[in-house]
């Protein structure tokens, strides 16, 4: 749907999707005046043809658009598991519409004309949230790579460790000696970069492994 773009510097970017050229130009000028990178599009299809920025991103989306509405697109993003903070702007908003948008995770629902500062505040919140998401994804990716470097036996030992089982119990479970369990356990801690057993259990939770590690 939206392809990721790799750049040397992950700059925060605000994406504007609004079919009113005067609104696009006005918002683009406002955001550039405060030092933000901006990409503006007249419709959802035009946006989808573009490459998604690699850095923190926030989407300023008009509710009423030609063809696919902003609300429809918000739902499609969620269904595609594409996490983009969304700020809705509209000249024809109503309470049910705003409630629907907010329930689906929109950061803000602004009715035109709105104060520039209200939009800027919402954008800064959106960029901060997306920055946190990207940092978390990067950390989990590195953790996943360390986990995948474990041997099958090391993963089996890790499963026993995060369940809270003793070396002797793990040895019985796997049919190996307690000494062998200690060796694998040491390797797991080293390869995962875990400083303690609670730290290792936290890593398993971050990887959504639960206690049943393949």
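A few notes on this one:
- Inter-probe distance in nm under a simple model that places probes 7 Å from Cα toward Cβ, at residue 10 and residue 120: 2.6
- Considering only the chain, percent of DSSP beta bridges that pair antiparallel, nearest 5: 0
- Between the stretch 134-211 and the stretch 57-74, the Cα center-to-center distance that results, in Å: 44
- Taking the stretch 3-136 and dividing mean pair separation by its residue count, relative contact order in percent (alpha carbons under 8 Å, at least six apart): 24
- Working from label points 7 Å from Cα in the Cα-to-Cβ sense, the residue 144 to residue 69 distance is 3.5 nm.
- Fully extending the segment from residue 135 to residue 80 would add 17.7 nm, taking 0.36 nm per residue of separation and subtracting the current Cα-Cα distance.
- Here 158, 203, 102, 189 are placed in order of increasing Cβ neighbour count within 10 Å, fewest first, which gives 102, 189, 203, 158.
- In this simple spin-label model, placing a label point 7 Å from the Cα along the Cα-to-Cβ direction at both residue 54 and residue 111 gives a separation of 4.3 nm.
- Helix 70-79 vs. the chain, principal-axis angle (Cα, 0 to 90°, nearest 10): 10
- With the helix formula -39500 (n - 2.57) applied to DSSP H stretches of n ≥ 4, the chain reaches a computed 222 nm mean residue ellipticity of -17000 deg cm²/dmol.
- Shape of the stretch 3-136, Cα gyration tensor, a/c cut at 1.5: rounded
- Those residues of the stretch 146-169 whose amide nitrogen sits under 16 Å from the label point placed on residue 191, 7 Å along Cα→Cβ: 146-162
- Theoretical FRET efficiency, 1/(1+(r/R0)^6), r = Cβ-Cβ of residue 104 and residue 128, R0 22 Å, to 0.05: 0.65
- The value of relative contact order for the stretch 122-189, using C-alpha pairs under 8 Å at least six residues apart, is 28 percent.
Every number here is computed from the coordinates shown, using simple stated rules; none is lab data. Bear in mind that the values here come from a model prediction, so they are computed numbers and not experimental data. Here the Cβ is made from the backbone with ideal geometry for all residues, glycine too, and neighbour counts use every protein chain on show.
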